[in-house]
Amino acid sequence: MHCHQQSPGYSRRDFLTKTSLGLGALTLGSLLAPVQAWGKTGPGNGGVLGQTHFAPKAKRIIYLFQSGAPSQLDLFDYKPLLNQRNGEELPESIRKGQRLTGMTAGQASFPLAGSIFKFQQHGQSGAWVSELMPHTAKVVDELCFVKSMYTEAINHDPAATFIQTGSQLPGRPSMGAWISYGLGSDNENLPAFVVLVTKDKFGQPLYARLWGNGFLPSQHQGVQFRPGKNPVLYLANPPGVSGQQRKEQLDYLAQLEQLNHQDLGDPEILARMAQYEMAFRMQTSVPEIMDISGEPDYIYELYGPDSRKPGTFAANCLLARRLAERNVKFIQLYHQGWDQHGNLPAGIKTQCKETDQPTAALITDLKQRGMLEDTLVIWGGEFGRTNYSQGKLTPTNYGRDHHPKCYTLFMAGAGVKKGFSYGATDDFGYNIVQNPVHIHDFQATIMQLLGIDHERLTFKFQGRRYRLTDVHGKVVRELLS
């Protein structure tokens, strides 16, 4: 009986570990292969798609996330009925027994609270905007409002996690990580996904997992840029270590890790090496991009006085434009402090003063540079606020609780309609009466604008294929230009 000789020391486990990466990549490539080819996604640092599923309208995204949930009723969703019936009880026919948070569920009364701020119509579109947003009011004809957003989460952490990752539970990849994974980078010297957080702001906590990679390879996590001497932690060389020494160290480390990868077949080894190499290149690129001293005075005047103060929302908006100029794919700004359960009038004034002018300036600046055509700007929070007052209602003061059933966000730029408003809430601003948009619908639409079919960008983890939009979500084509 003839038998094939088995190579010593090469077991079935060795075969599976050493070949699974290659087989898995081939399988994934066949599953994700687009029906149509519209050009490669990046120069030498492309994502798993290789090519977008269809022609993208947006090359990059700047997402201005307003953490804590801005009150749509005091900013964009004008409801004069609330002022007419100010102090009256919220009708049960409107509330319909809907879920409340523990902060107001025990209230004996739910008095309707009209906004104390004046609203006016602006631009050719006639969009209603609060007096709190005078600069945003000047650019309304560039904006695409979605007034019928809704979410499933009623508390901040699951709601923020939901809109950022597609799940209320921690552990999933963030939207920016999915986009980096799918499309790769258009700049070899900067990450595809950069995060900027307004300094010295307090409110609902922000966790790094909101811009994390979840179960995707680790090089796709968002990289936080900070103000100050060391914008990216641990990027600078230690004292006494030159750039040449660091490069030699990385070269030797790469050789060792290649051997390690050949033995173990763990793709995270390659991901880690990609991060090391990116960090080395960022030692030159990051200081250059963070140095805004060369910006002309008229740009600082456009973004407002805070733009000269590193780490402010205004300075971060200016940095976002600089990152966009260098083709960073996904730029996310976080601004805390919108959680106004009490003393809302004073609190929201401060928030709007910090964000209104820089937001409008960013849109204006991108447009004057011809970049708004292929850059999508998003502004919004994790849910809305109630039409009734949390706590005591007075003629000059009130608070608003969490309201997941409806809220407003807006977009501007690549691929969305200008001067357009989609969806509507009832006269009480409590329920959606026209064109509801679920969080997954919003995410699917963003992916569509980038040329990605949200149902086809998946990752197999623990035996199941995951995607950003989980198991449902549809593109809201009425928003697309």
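The values are calculated or read from the model by the stated rules, or taken from the named source; none is laboratory data. Note that this is a predicted model, so its numbers are computed, not measured. Backbone-built Cβ (ideal geometry, glycine too); neighbour counts: all protein chains shown.
Mind checking which residues of segment 102-129 are among the polar types (S, T, N, Q) and more than 19 Å from Tyr422 (Cβ to Cβ)? Hits for segment 102-129 are Thr104, Gln107, Ser109, Ser115, Gln120. Note on segment 302-326: residues that are among the hydroxyl-bearing types (Ser, Thr, Tyr) and not in a loop (DSSP other than H, G, I, E, B) amount to 2.
Based on what the data block shows, is Val476 touching a helix residue (DSSP H, G or I) at 6+ places or on another chain (Cβ under 9 Å), of a type in the set (A, V, I, L, M) and closer than 29 Å to Ala320 by Cβ? Show your work before the answer.
Numbers: touching a helix residue (DSSP H, G or I) at 6+ places or on another chain (Cβ under 9 Å): yes; of a type in the set (A, V, I, L, M): yes; closer than 29 Å to Ala320 by Cβ: yes.
Answer is yes for this residue.
Restricting attention to segment 255-268, the residues that are part of a helix (DSSP H, G or I), under 21 Å from Gly214 (Cα atoms) and without any contact (Cβ under 8 Å) to a residue 60 or more places away in the chain add up to 1. Before we move on, is Gln120 in a strand (DSSP E or B) and free of Cβ contacts under 8 Å to residues at least 24 places away in the same chain? Considered against the rule, which asks whether it is in a strand (DSSP E or B) and free of Cβ contacts under 8 Å to residues at least 24 places away in the same chain, Gln120 comes out as yes. When Ala346 is tested against (1) within 19 Å of the chain's Cα centre (by Cα); (2) among the aliphatic types (A, V, I, L, M); (3) over 30 Å from Ile452 (Cα atoms), just one condition goes unmet, and that condition is (1). Filter segment 400-425 for residues that are touching a helix residue (DSSP H, G or I) at 6+ places or on another chain (Cβ under 8 Å), of a type outside the set (D, E, K, R) and assigned to a loop (DSSP other than H, G, I, E, B); which is surrounded by the fewest Cβ atoms within 10 Å (Cβ to Cβ)? The residue in question is Gly419. If you go through segment 51-87 and pick out every residue that is surrounded by 18 or more Cβ atoms within 10 Å (Cβ to Cβ), in contact with a strand residue (DSSP E or B) (Cβ under 7 Å, 6 or more places away or on another chain) and at positive phi, you end up with 1.
Test Asn187 against the stated conditions and say whether it is surrounded by fewer than 21 Cβ atoms within 10 Å (Cβ to Cβ) and not small (Gly, Ala, Ser). Spelling it out, Asn187 is indeed surrounded by fewer than 21 Cβ atoms within 10 Å (Cβ to Cβ) and not small (Gly, Ala, Ser).
Residues in segment 272-309 that are under 24 Å from the mean Cα position of the chain (by Cα), closer than 21 Å to Arg246 by Cβ and hydroxyl-bearing (Ser, Thr, Tyr): Ser285 alone.
Condition check ((1) free of Cβ contacts under 8 Å to residues at least 60 places away in the same chain; (2) in contact with a Gly (Cβ under 9 Å, 6 or more places away or on another chain); (3) within 23 Å of Asp427 (Cβ to Cβ); (4) hydrophobic (A, V, I, L, M, F, W, C)) across all residues:
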| site | (1), (2), (3), (4) |
| --- | --- |
| Ile62 | no, yes, no, yes |
| Gly68 | no, yes, no, no |
| Ser71 | no, yes, yes, no |
| Asn83 | yes, yes, yes, no |
| Ser115 | yes, no, yes, no |
| Met133 | no, no, yes, yes |
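Of the residues that sit in segment 259-268 and are surrounded by 12 or more Cβ atoms within 10 Å (Cβ to Cβ) and of a type outside the set (S, T, N, Q), which one is farthest from Gly184 (Cα to Cα)?
Only one residue fits best here, namely Asp263.
Somewhere in segment 183-203, is a residue in a loop (DSSP other than H, G, I, E, B), of a type in the set (Phe, Trp, Tyr) and more than 25 Å from Ile452 (Cα to Cα)? Looking through segment 183-203, at least one residue is in a loop (DSSP other than H, G, I, E, B), of a type in the set (Phe, Trp, Tyr) and more than 25 Å from Ile452 (Cα to Cα).
Could you go through segment 269-282 and let me know if any residue there is assigned to a helix (DSSP H, G or I), surrounded by fewer than 22 Cβ atoms within 10 Å (Cβ to Cβ) and at pLDDT 90 or above.
No: segment 269-282 contains no residue that is assigned to a helix (DSSP H, G or I), surrounded by fewer than 22 Cβ atoms within 10 Å (Cβ to Cβ) and at pLDDT 90 or above.
If only one of Lys247, Lys199 is basic (Lys, Arg) and either within 25 Å of Asp374 (Cα to Cα) or at pLDDT 95 or above (or both), which one is it? Let's see the steps before the verdict.
Details: Lys247 fails: either within 25 Å of Asp374 (Cα to Cα) or at pLDDT 95 or above (or both).
None of the other options fit; the residue is Lys199.
Filter segment 336-368 down to the residues that are free of Cβ contacts under 8 Å to residues at least 60 places away in the same chain, assigned to a helix (DSSP H, G or I) and not hydrophobic (A, V, I, L, M, F, W, C), then identify the one that is farthest from Pro205 (Cα to Cα). Residue satisfying both the conditions and the ranking: Gln368. In a residue-by-residue description of segment 160-168, the property of being over 16 Å from the mean Cα position of the chain (by Cα), not basic (Lys, Arg) and not in a loop (DSSP other than H, G, I, E, B) applies to no position. For the residues Gly166, Gly176, Gly171, Gly126, the requirement of being on the phi > 0 side of the Ramachandran plot and either acidic (Asp, Glu) or surrounded by 24 or more Cβ atoms within 10 Å (Cβ to Cβ) (or both) singles out Gly166.
Applying the selection to segment 172-196, what residues are more than 12 Å from Lys329 (Cα to Cα) and modelled with pLDDT of 95 or more?
Arg172, Pro173, Ser174, Leu196
Considering Tyr298, Tyr252, the condition of being modelled with pLDDT of 95 or more, surrounded by fewer than 16 Cβ atoms within 10 Å (Cβ to Cβ) and either assigned to a helix (DSSP H, G or I) or of a type in the set (Gly, Ala, Ser) (or both) is satisfied by Tyr298 alone.
Look at segment 204-215: where a residue is in contact (Cβ under 8 Å) with a residue 12 or more places away in the chain and part of a loop (DSSP other than H, G, I, E, B) and a partner is buried (at least 22 other Cβ atoms within 10 Å of the Cβ) and among the basic types (Lys, Arg), sitting 6+ places away or on another chain with Cβ atoms under 7 Å, you get Gly214/Arg172.
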